[in-house]
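Undergrad: The structure that follows is given in the form of structure tokens.
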Amino acid sequence: GAGVSQSPSNKVTEKGKDVELRCDPISGHTALYWYRQSLGQGLEFLIYFQGNSAPDKSGLPSDRFSAERTGGSVSTLTIQRTQQEDSAVYLCASSQTGNYGYTFGSGTRLTVV
Amino acid sequence: SQQGEEDPQALSIQEGENATMNCSYKTSINNLQWYRQNSGRGLVHLILIRSNEREKHSGRLRVTLDTSKKSSSLLITASRAADTASYFCATVPLSGSARQLTFGSGTQLTVLP
């Protein structure tokens, strides 16, 4: 597609449930990134994929968070046993390899009640 | 922790005036990028400046980089009400395995009509 697509755009879930967030990057972009942003805050890095591998998972806040990327394209971020502090906007971005800017999706706003 | 810190945190100006936002960072960088965010959702890439560049222009935007001071500035000339948004600087480190952008906490710019 022309841009980075994220789904769902909004998700309300009950505490303790698992959620899956999807990111469809720009075709041909080998690098894919997940960030989260709490209300009024900057972006917090979660994980980076180069192709299907994840060289840097250092930002995942706990073992309840996991992510995968298949076929060098679509990525899913899974949060197990959600907690209220997981409420945030989860942003996905993709880029070409090299000194290029990122293209961000519109994000998924997750609310844990 | 945040690599980039923007200054000021909030800026309010009249339409037609120039807006200047500053960013300081801590470690050596490969490049520095500026992004704009409306309404807490997806970010839009504005401009990328490499570590060996000192100034870059794009339309009404001018970015400077001083690697000796580890700082950058974003100047928006002849501001418009539509420029109202949050502006973030982000850096890519010079070395190491990290490839992801590290974002500052942003400057909220309000342009009054």
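Undergrad: Taking the range A:1-14 only, how many residues are under 17 Å from residue A:85 (Cα atoms) and loosely packed, with under 12 Cβ neighbours inside 10 Å?
TA: Counting residues in the range A:1-14 that are under 17 Å from residue A:85 (Cα atoms) and loosely packed, with under 12 Cβ neighbours inside 10 Å gives 2.
Undergrad: Looking at residue B:48, is it within 10 Å of the chain's Cα centre (by Cα), farther than 16 Å from residue A:104 by Cβ and surrounded by 19 or more Cβ atoms within 10 Å (Cβ to Cβ)?
TA: no
Undergrad: Could you grab me the full set of residues in the range B:45-81 that are assigned to a loop (DSSP other than H, G, I, E, B) and either within 19 Å of residue B:106 (Cβ to Cβ) or in contact (Cβ under 8 Å) with a residue 60 or more places away in the chain (or both)?
TA: B:70, B:78, B:79, B:80
Undergrad: I'd like the full set of residues that are open to solvent by 10 Å² or more (accessible area, probe 1.4 Å) and within 8 Å of chain B (Cβ to nearest Cβ), limited to the range A:16-39.
TA: A:37, A:39
Undergrad: Could you count how many residues in the range A:72-113 are free of Cβ contacts under 8 Å to residues at least 40 places away in the same chain, within 11 Å of chain B (Cβ to nearest Cβ) and crowded, with 17+ Cβ neighbours inside 10 Å?
TA: 1
Undergrad: Also, quick follow-up: Taking residue A:57 as the residue in question, decide whether it is within 12 Å of chain B (Cβ to nearest Cβ) and of a type in the set (Lys, Arg).
TA: yes
Undergrad: Considering every residue within the range A:70-84, establish whether at least one is closer than 29 Å to residue B:107 by Cα, over 11 Å from the mean Cα position of the chain (by Cα) and part of a helix (DSSP H, G or I).
TA: Looking for residues that are closer than 29 Å to residue B:107 by Cα, over 11 Å from the mean Cα position of the chain (by Cα) and part of a helix (DSSP H, G or I), one finds at least one in the range A:70-84, hence yes.
Undergrad: Looking for something open to solvent by less than 50 Å² (accessible area, probe 1.4 Å) and either over 25 Å from residue A:44 (Cβ atoms) or basic (Lys, Arg) (or both) - is there at least one such residue anywhere in the range B:80-90?
TA: For the range B:80-90, residues open to solvent by less than 50 Å² (accessible area, probe 1.4 Å) and either over 25 Å from residue A:44 (Cβ atoms) or basic (Lys, Arg) (or both): present.
The values are calculated or read from the model by the stated rules, or taken from the named source; none is laboratory data. This structure is a prediction, so every number in the text was calculated from the model and none was measured. Heads up, the Cβs are rebuilt from the backbone with ideal geometry, glycines too, and the neighbour counts pull from every protein chain shown. Heads up: the accessible areas ignore ligands, DNA and RNA and are worked out on the full protein's heavy atoms, side chains in. Shrake-Rupley method; radii C 1.70, N 1.55, O 1.52, S 1.80 Å.
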